[in-house]
Amino acid sequence: MSTALKTVVARQRMLLQGRLATSLIRLVEPCRAAWPDRAALERILVTALPTLASGKYLYVLDRDARQLTANVSPQGLLPEHWGRDRRERPYMAEALAGERFSLSPVYISRNARRPSLTAIQRIEDEEGALLGYLGADFDLRELPLTRELYEQPEQWLQLKGDPAIRGGLFDQQRVESLMDGHIDEILALIVELIAAHGVFHGKLHFSSSRATLWLVDDPFRFRILDYEDLADPGTCLAYPQRPYPLDAAIPLDRVAEVFRTFRALRFMDENIYLRSGSLNIYNGIVGLNFSCDGSHYMPWDDFLHKSLDFWIGTGESCALDGGGA
């Protein structure tokens, strides 16, 4: 996970921890007063669950992390969980080590197979001796997160591909595709679709002679154009005219330069060559996938500053320097 993504996740966890700890600590005193009466504890949990935002299950464990109550769910009691030993569950580790409140990392639940969290609150008697634990499970989909949209950092990202492909790199050579034979006309068509027909994200698959397009008029669905579509300039007639967006990250007069550079990378070497290239004009990110299965994502201006010698001479196209993920 990238540092930026870790920061966003950590902030969400901090906010959740504060909310959930406040909710669970209110139940400590009633549970202590009812300890260890199973029926009384279950009545407390049944009453509390509707007040616990997005709670999926509530349960009480003894000091050995064995369940004293049924699971209390919005549908009622689930008595089959009584007596369940939770000592080995990862979310119990911090609680068993002495933490008064702990919030687990996100995990995939056993039954629903959905991202979930478990909060564990320590329960003590009046003298501070451990009685047991209060547990609460949450479905991540239902939790009151702030839901801030994660912003992808605009920096060069290298990703290594299949080692088997990299290992056989020099045993293969580029085979001319249908797109290769008419690449100038096809690139001109793609640039026109971006400049005047509402395409904001375009990806060219050179080896398979197809393109994948996303349009501002219908951004949730992509279109696939095969070689015959791409070889016919009349394809433009199928897409409404749209002005080039004012908030695009890349100036219109540099779009064609990006695609011309794709062409150069496609033919730069018989062993190391571009298999696919993409451009998103809103974030300005160029995506590249090479014959060695190395992938790169980088801002358009960084991309245009790189020479062919950079990609071939340094092995960067295949992430051979060990910097890829």
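Does residue 96 qualify as being out of contact with any Ser or Thr (no Cβ under 8 Å at 6 or more places or on another chain), under 13 Å from residue 135 (Cβ atoms) and in contact (Cβ under 8 Å) with a residue 40 or more places away in the chain? No.
Might you check whether a residue that is free of Cβ contacts under 8 Å to residues at least 40 places away in the same chain, more than 30 Å from residue 312 (Cβ to Cβ) and surrounded by fewer than 18 Cβ atoms within 10 Å (Cβ to Cβ) occurs anywhere in the range 277-285? Among the residues of the range 277-285, not one is free of Cβ contacts under 8 Å to residues at least 40 places away in the same chain, more than 30 Å from residue 312 (Cβ to Cβ) and surrounded by fewer than 18 Cβ atoms within 10 Å (Cβ to Cβ), which makes the answer no. For the range 228-245, taking the residues that are under 16 Å from residue 202 (Cα atoms) and within 32 Å of the chain's Cα centre (by Cα), the one that is surrounded by the most Cβ atoms within 10 Å (Cβ to Cβ) is identified as 230. Picking from residues in the range 207-227 that are surrounded by 15 or more Cβ atoms within 10 Å (Cβ to Cβ) and among the hydroxyl-bearing types (Ser, Thr, Tyr), the one that is farthest from residue 244 (Cα to Cα) is 207.
If we scan the range 3-26, do we find a residue that is at pLDDT below 95 and in contact with a helix residue (DSSP H, G or I) (Cβ under 6 Å, 6 or more places away or on another chain)? The answer is no, given that none of the residues of the range 3-26 is at pLDDT below 95 and in contact with a helix residue (DSSP H, G or I) (Cβ under 6 Å, 6 or more places away or on another chain).
Out of the strands (runs of 3 or more DSSP E) lying entirely within the range 107-167, which hold 2 or more residues that are of a type in the set (S, T, N, Q) and at pLDDT 85 or above?
Numbers: elements: 115-124, 130-139, 157-159.
Because the criterion is at least 2 residues that are of a type in the set (S, T, N, Q) and at pLDDT 85 or above, the strands (runs of 3 or more DSSP E) in the range 107-167 that meet it are 115-124.
From the residues in the range 39-67 that are assigned to a loop (DSSP other than H, G, I, E, B) and in contact with a Pro (Cβ under 9 Å, 6 or more places away or on another chain), which one is modelled with the lowest pLDDT? The selected residue is 53.
The values are calculated or read from the model by the stated rules, or taken from the named source; none is laboratory data. For clarity, every value in this text was computed on a predicted model and none was experimentally measured. We place every Cβ from the backbone using ideal geometry, glycine too, and count neighbours over all the protein chains shown.
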